[in-house]
Every structure is written in C-alpha cells, then in structure tokens.
Amino acid sequence: MQKPEGIIVGGGLVGLTLALALHQKGYKCRIYETVPELLPLGVGINLLPHSVQNLAKLGLLDALKKVAIETSSLSYYTEDGKTIWSEPRGLAAGYDVPQFSIHRGDFHMILLAAVKERLGEDCLFMDHRFSRYEQDGDGVTAYFTNHAGTQEQQTVHADYLVGADGINSRLRKILYPDEGPPHYSGQMLWRGVTEMAPFKDGKSMFMAGHNDLKLVAYPIRAESAARGKSYINWIAERRIPSDLAGRQADWNAEGLLSEFKFDFDSWDLGWLDVNALFDNAISIHKFPMIDRDPIPKWSFDRITLMGDAAHAMYPNGSNGVSQGVLDAMEFVSLLQKGGNITDILTQYEGNRRPHTTRISLANRETGPEKVMEMVKDACTGDCADTHTCIPADKLEEVATAYKKLAGFDKESLKKAL
Ligand SMILES: Cc1cc2nc3c(=O)[nH]c(=O)nc-3n(C[C@H](O)[C@H](O)[C@H](O)COP(=O)(O)OP(=O)(O)OC[C@H]3O[C@@H](n4cnc5c(N)ncnc54)[C@H](O)[C@@H]3O)c2cc1C
C-alpha cells in the first residue's frame, strides 16, 4: 500500500519540524508558506527538554548546540532582586539533553536548512497563501493565492492536510468562522535584545516581579558567549487592561522605551543593570500576550491543525513551540503504525488536544510563574535575600506540577525515549 502524502500549510517552526519528521520516516510531503521568503524573524524562545529530545531524534542537536545557549537555571526574583525560587535546568538538572534558549530566527533557519538539504528545495512552495480546501473519499484539494492575494496559485491534491499556519491560522478560521481574534490577557510585552556583559553564569534565565510588572531575560546566542558577551533576550511585561483586540498583534510591530521603561526605573537586581539592558537594546518589539481558546476538535476527516494553529498559548512556562514539536512527532509516530488516514488524524487529536488544552488553561493562571504571585500576596516585607514567606516545598510543588503537566518531568522523558 502506498504511503499517505501530505500537504503542510505553513513553513514556520512546527510546519518545518513536521516535514523533517515525516521525511525521516519515509513519508512525502509538500510545504506551502505564504511569505515569499522565510527570514530569521522574532526574538528569543525556549526549547524545553521534551522537545529537544525529539529534535535530537531528528538529528538537529549539534546544529542547535552551535548557535543556542544551553540554559543552566531558571530563577524567580522580586523586583528588588530577592530570590523566590531557583532551579537547575537542562543538563544541570540531570536531563539527558539540554534546554536551549535560542533566537527564533536561528532555530527557523536551522530547520529550513535541514528541510532544503534533506527533502530538497522543490518540496517548499513560497508565496503560497492557503485560502480553502475541499475533501472527499479520495483526498484533499488545497487552493492557494500568492501572498498579496492578487492571483491564484496552483491547486494541490494529497491524502491529508495539516494546518500549521500559526495563531492567525486560515484553516482554523475556515473551521471556526465565528471565533474572532485571539484572546488578550491584559498584558503587553515589549520584547528586546541587548548585547552586554553576561549576568550570573551567562547561561541563566530569570523572571523578576509579578504578574502586573515583570522582567524576563535570558541569553540566546552561543556566538556572543564565545566573545565573552551575552546576547540577551528580554521581555518587559506590564498589565494594560483594555479592550485591545488580539487582531492588532503583529510580530514586527516596533516598541518604544518611553512606553514602559519608567515603570522599571526603581528596579535594582544587583547583578544586572536593568537600565543598561533597556538603553542598549538592538531592537524592541511590542506584542500583546495573546492566546486562543481551546477548541473542541482539530481533525475533520483528512485535515487537522497543529502547533499555534491548534493551541496558541501564553508564553508562561515557555512551552509554545515545544508543544508544537510534540504534536508533529506524535502525528508521525501514529502514521507509522498504519491505518486509515482519517482514523490516524482522529487519534492524533485524541492524544494531543486534551493535553495542550490543560497547558493552555494552566498558562492562563500564569503556569509555573504562579510562585511570583504567591510571594507577592503573602510577603510582609520582612524577608531577607531569599524569600521565606512561602515554604520552599510549596514553591517546589508548583514547579514540579507544571513540569508534569507539560510533560517535561524527567520520568515522562525517560518513558518517551
Ligand atoms: C514572524 C514571526 C515572529 C515570531 N516571533 C516570536 C518570538 O519572538 N517569540 C515567540 O515566542 N514566538 C514568536 N513567534 C511565534 C512562534 O513561532 C510560535 O508561537 C511557535 O513557534 C509555534 O510555531 P508554529 O509553526 O505553529 O507557528 P509560526 O511559527 O507562527 O508559523 C506559522 C507559519 O504559517 C505561515 N502562514 C500563516 N498563514 C498562512 C497561510 N494562509 N498560508 C500559508 N502559510 C501561512 C506563517 O507565515 C508562518 O511562517 C513568531 C511567529 C512569527 C510568524
């Protein structure tokens, strides 16, 4: 029997990961991406051990090690630099694989290079904006225009179609026409990068403050570290309750220091000059913290959703892209077991949707960052350098529960080997 062939809509992080996973197991696919050229856009993201374990299976570990930072710890602080909770991460925490902090564009280019090398350039169709589909017992037909939407592109036929077209997915819009724009959390994020002297060991990630005013920072480039510097990704987060609609979200929108810096004027972390971090920014982008409501169904006969198109979630817990990688691997693993493609897509959804729904909802409650809220609510101001107002075992419970929920506790990873 012939192996099913697929159409992947979206050449983002998850679409390209899926293409590599399919190719590795001998399945053909074609990728249709709306932009005429994929560029190294965005700023920092985290690849947690559960996704790194899978990316290693795809033969990408060495390429990632070359460009990314192997994160050694994650710490939470108050705005005056007192420790709330700190834990080792990746190899330092005893995992078999690192946790990576990486520039989204660097990761995207690693995936793109691997796709071109392994699958060949002719499986990748740029300037193809997916517009609609038709399906019947024989397969699925996809229709595309150019990116500008001014002219029809080729029509494509395959056994199944995966919509990995991001938070503003066209496929999801067709399936859920009344859904509207993404859900805004009430928090605005200014995302920047600054090259400066390393803080801590040059491999640490931290979050300081609380849900109304927070600073997150971590270094993301090995090349900078090799020169004795840190290419630091930072996110200044401030609550701005408004009726701002998620449709205003634009990954390329410019942010201004004057919009947020004043809020951090009095911050003193001791080991990091927060003013210098902001003042020396190479770039600043502004992006609202948005997600999508969990939906009751991803798979409809021969089509399904994957990655952000299926489950865009708040970045709390740094899990978004990692969950998309897990989607792709799960789908290919089910494909290998064989059977009818519609049953495989239903099973894929059954194995992944409840899981990502729970994570999306936990992230709305700030995910593992809840420890910052717990301390803010309980602290009487009498703590010394390390907070003692909440017993450490209670904070550890939060961290452990989130790892289990998101599937990157060590026991779950050992089982998945
Ligand atoms: C330009 C850009 C910058 C980003 N920057 C960051 C960042 O700095 N930090 C962060 O945490 N996350 C960022 N993200 C989001 C992050 O990539 C996703 O949250 C996560 O990686 C999940 O990946 P995904 O492949 O599901 O979605 P994405 O990575 O968003 O990829 C979706 C892809 O689908 C394509 N597409 C959309 N509509 C169509 C269509 N109709 N037809 C064909 N193709 C289509 C898009 O052009 C894109 O390449 C960014 C996304 C984009 C597109």
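The values are calculated or read from the model by the stated rules, or taken from the named source; none is laboratory data. Since this is a predicted model, take the numbers as computed values, not measurements. Cβ: placed from backbone, ideal geometry, glycine included. Neighbour counts: every protein chain shown. When the accessible area is computed, the model is the full protein with side chains, heavy atoms only, and any ligands, DNA or RNA have been set aside. Shrake-Rupley method; radii C 1.70, N 1.55, O 1.52, S 1.80 Å.
Relative contact order of the range 57-200, taken over Cα pairs closer than 8 Å and 6 or more residues apart, is 12 percent.
Hey, with R₀ at 30 Å, roughly what FRET efficiency would Asp343 and Glu411 work out to, going by the Cβ-Cβ distance, to 0.05? For Asp343 and Glu411, the calculated efficiency is 0.50. Taking every Cα-Cα distance in the range 37-157 and sorting them into 5 Å bins starting at zero, the pair-distance distribution P(r) comes out as 2, 9, 13, 14, 13, 13, 11, 9, 6, 6, 3, 1, 0 percent.
Solvent-accessible surface of the chain, taken per residue with a 1.4 Å probe and all protein chains present: 42 Å². Across the range 70-216, Cα-Cα pairs farther apart than 19 Å form 73% of the total. Seen from every direction in turn and averaged, the convex hull around the alpha carbons of the range 169-287 projects onto 8.9 nm². Put simply, the amide H of Ile303, placed in the peptide plane, has neighbours under 5 Å in Leu161, leaving out anything fewer than 5 places away on its chain. The length gained on full extension between Ala392 and Glu134, counted as 0.36 nm times the residue separation minus their Cα-Cα distance, comes to 87.4 nm. Over the chain, Cα pairs under 8 Å with separation of 6+ residues give a relative contact order of 20 percent. Take every Cα pair under 8 Å whose residues are at least 6 apart in sequence, average their separation, divide by the length of the range 154-299, and the relative contact order is 33 percent. To put it simply, the accessible area of the chain at a 1.4 Å probe is 50 percent carbon and sulfur. Here the dipole of the range 216-321 is about 360 debye; that uses its Cα centre as origin and unit charges on the Cβ of Lys and Arg (positive) and Asp and Glu (negative). Each DSSP beta bridge with both residues in the chain is either parallel or antiparallel, and the antiparallel ones are about 75%.
Legend: translational diffusion of the chain by Stokes-Einstein, Rh = Kirkwood radius over C-alpha pairs, 25 °C, 0.890 mPa s; D = 111 µm²/s. Think of each Lys and Arg Cβ as +1 and each Asp and Glu Cβ as -1; about the Cα centre, that makes the dipole of the chain roughly 920 debye.
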